[in-house]
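So that we are looking at the same thing, I have put the structure below in structure tokens.
The values are calculated or read from the model by the stated rules, or taken from the named source; none is laboratory data. On a predicted model such as this, the values are computed, not experimentally measured, just so you know. Every residue, glycine as well, gets a Cβ built from its backbone with ideal geometry; the counts of neighbours run over all protein chains shown.
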Amino acid sequence: MRRKSVWATLLCLAVVAILAMAAAPASAITYGALDGDLHPNVGAIVAEVPAGPWANGFVFDGGKTAVASGTLIAPRVFLTAGHVVAILESMGVTQVWVTFDPIFVRGVSNLIPGTMHANPNFRWTGSNANDVAVITFAQDVTGIPLAKLPTARLLDQMTAANGLHGQSFTEVGYGMQERTVGGGTPMWGPSGERRVATATFNALTPAYLHLCMNPVLGDGGTSMFDSGGPNFIGTSNVIAATTTGGDAATRAMGTACRLDTPEARTFLGQYLTLP
């Protein structure tokens, strides 16, 4: 896959089998609000992406940039999306950092160097892309409360018990804000700020959680650079799924990779003790 087309996929973050780096960089939080310190365990993945113009008119300058999102789930384990790691590696990126600062500021924010670990079963097509990855740290990250993973088949159990219709999920990420339309070419809002939004349940498949992200219905969503970010169950600290893609342009539906499946748990179980 050519470098430009790879990044385009990453930035698309559309509702396709799988999205990239917040699909349109794995979606940025749209129709949400600044998170501040509400979710201190959510961080941004920072990388030095090769300079050049990419999808949606976004231009990288080769400097450190917040390119995706994720969550601290163990003192040395940071959860993100498989497509994020796959795309970065395909572009020749070998070194990444993670910041937990609410707003990423180049040259100012505290950066923790990490090592990427792609899910060996990740793929770009199919009903289950195994879109989960981790970044590990050489030393414990302290002073930040850990997010929790779901127990096995939790979403299936919730469906069987009382259904998920009407259930809310809290999305957090550092992606781009909603586009400004009118008065010229539509422009995406800024990125690099930890933001939060609430979305409601749309559908559940064996591998994915789909969420409504239509602001007309009171929902927020994800956009570029939100890929890998958490979708917490309600207001809890339990991550149901990681952001895979979102359709911020049409305000349709967001897609997240479930973490309660046997496939996701097999991979994650190599890095921490599962609930």
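With the requirement that a residue be more than 20 Å from Thr266 (Cα to Cα) and among the aliphatic types (A, V, I, L, M), what does region 94-145 give you?
Passing the criteria: Val96, Val98, Ile103, Val105, Val108, Leu111, Ile112, Ala138, Val141, Ile144.
Taking region 37-68 only, how many residues are at pLDDT 95 or above and of a type in the set (S, T, N, Q)?
1
Can you name the condition, by its number, that Leu79 falls short on among (1) outside any strand (DSSP E or B); (2) closer than 16 Å to Thr244 by Cα; (3) within 17 Å of the chain's Cα centre (by Cα)?
Going through the list (1) outside any strand (DSSP E or B); (2) closer than 16 Å to Thr244 by Cα; (3) within 17 Å of the chain's Cα centre (by Cα), Leu79 breaks only (1).
How do the pairs read when you match residues in region 201-214 that are over 12 Å from His165 (Cβ atoms) with residues anywhere that are aromatic (Phe, Trp, Tyr) and not in a strand (DSSP E or B), using Cβ under 8 Å and keeping only pairs 6 or more apart or on different chains?
Met213/Tyr31
Moving on. Inside region 77-93, can you point out the residues that are surrounded by fewer than 19 Cβ atoms within 10 Å (Cβ to Cβ) and either touching a Ser or Thr at 6+ places or on another chain (Cβ under 8 Å) or among the polar types (S, T, N, Q) (or both)?
Ser90
Right, Thr222: modelled with pLDDT under 90, of a type in the set (Val, Ile, Thr) and closer than 25 Å to Asn110 by Cα or not? Quick ask: steps written out before the conclusion?
Values: modelled with pLDDT under 90: yes; of a type in the set (Val, Ile, Thr): yes; closer than 25 Å to Asn110 by Cα: yes.
In short, yes.
Among the residues of region 230-255 satisfying the criterion of being at pLDDT 95 or above and among the small types (Gly, Ala, Ser), which is farthest from Ile73 (Cα to Cα)?
Gly234
Check every one of the strands (runs of 3 or more DSSP E) wholly within region 95-170 and list those with 1 or more residues that are at pLDDT 95 or above, within 20 Å of the chain's Cα centre (by Cα) and exposed (fewer than 15 other Cβ atoms within 10 Å of the Cβ). Steps first, answer last, please.
Numbers: elements: 96-99, 112-118, 133-136.
By residue number, 112-118, 133-136.
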